[in-house]
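Just so it is clear, none of the values below were taken in a lab; they were calculated from the coordinates. Just so you know, these numbers come straight off a predicted model, no measurement behind them. Cβ atoms come from the backbone with ideal geometry, glycine included; neighbour counts cover every protein chain shown.
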């Protein structure tokens, strides 16, 4: 016969069915509440990040508005007027007459042609020589390649106007080093900067000397992201150096080349100081660029409205020539 105290239900540690159901509901409610609170926390962080981004971008946006957007709008507005400096109160609205005058002026059309030719030649030589040298430097030992890049980069450190003065003395027919070399090669009759048929080509050579080091530096940086294993596999397959260049190097550097074309092409199309220091646009307007032409119309002929129209034409040409590269670059980035 069992003797002892009866079992106590109060001391039983097992939860009742009702309490278990209550605990489950409580846990589900707390879990649902926590899940609902997570998006709110993320949303608050996103709003804070957006506010911080706006605060950080606001100074740059204001600077762009004051330095670029407003002056561009003013240039476009004044291109429809005929006025001179100091006579802004006598501005006469001529609508599209300045643009018609530009496209009917032989000197303006010659400056447009000179600019296009200069840009094409300079861009072609810079990209070809710069990428070629960067590929050759990759085949050297790293220490030797770094020393050679530092030597090649020296022209970039010189101001374009100083470069123009240096090369103007080098092109001097009497004591210039260019004619000293040409005389020994039997080419002493070369026209140089004084001949309308050779002056633009001489400026192209000067620009290539000054701008190619930039291409070398950027292309060398782009080559570092190409895996060396691809070249080793190509060598094992017996691929030649030109085949590796056109099948491996150039295809993998497409985005870098697009950026180089944009930067170097737009810079060459807006050339001013190099031509101004070498020839000033002569002889016989054979080296006049659009920038030189607009400068002369504004500050020599005192035709500000017409100069603004020439500047707007320059901008439109830049958009037409290099806009497709920007669009393709944006599409590749989205893809």
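Details
- In the chain, the longest principal axis of the Cα atoms and the axis of helix 254-269 are about 40 degrees apart.
- This ranking places 111, 44, 286 by how few other beta-carbon atoms lie within 10 Å of each, fewest first, which gives 44, 286, 111.
- The chain: angle of helix 199-223 to the longest principal axis, Cα-based, in degrees nearest 10: 20 degrees
- Rounded FRET efficiency, nearest 0.05, which uses the C-beta distance separating residue 161 from residue 141 and R0 of 30 Å: 0.20
- Inter-label distance, residue 88 to residue 284: 4.1 nm, where each label sits 7 Å from its Cα along the C-beta direction.
- Result for the chain in a Gaussian network model with C-alpha springs under 10 Å: among 115, 198, 144, the largest mean-square fluctuation is at 144.
- Exposure proxy ranking, count of Cβ atoms within 10 Å, fewest first, for 317, 202: 317, 202
- Value at 222 nm in deg cm²/dmol, rounded to 500, when DSSP H runs of n ≥ 4 in the chain each add -39,500 (n - 2.57): -22500 deg cm²/dmol
- Span from the segment 90-119 Cα centroid across to the segment 213-250 one, whole angstrom: 44 Å
- Modelled spin labels at residue 229 and residue 117, positioned 7 Å past Cα toward Cβ, are 5.1 nm from each other.
- Contour minus Cα-Cα distance for residue 58 and residue 168 (0.36 nm per residue): 35.1 nm
- Principal-axis tilt of helix 160-170 within the chain, Cα atoms, nearest 10 degrees: 30 degrees
- The distance linking segment 157-210 with segment 296-329 is 28 Å (Cα centroid to Cα centroid, whole angstrom).
- Cα gyration tensor shape of the chain, rounded if a/c is under 1.5, else prolate or oblate by comparing a/b with b/c: oblate
- Highest-MSF residue in the chain out of 105, 183, 273 [GNM, Cα springs under 10 Å]: 183
- Relative contact order, whole percent, for segment 105-334 stands at 30, derived from Cα pairs under 8 Å and 6 or more residues apart.
- Considering only 163, 94, 271, the mean-square fluctuation computed in a Gaussian network model of the chain, springs between alpha carbons under 10 angstrom, is largest for 94.
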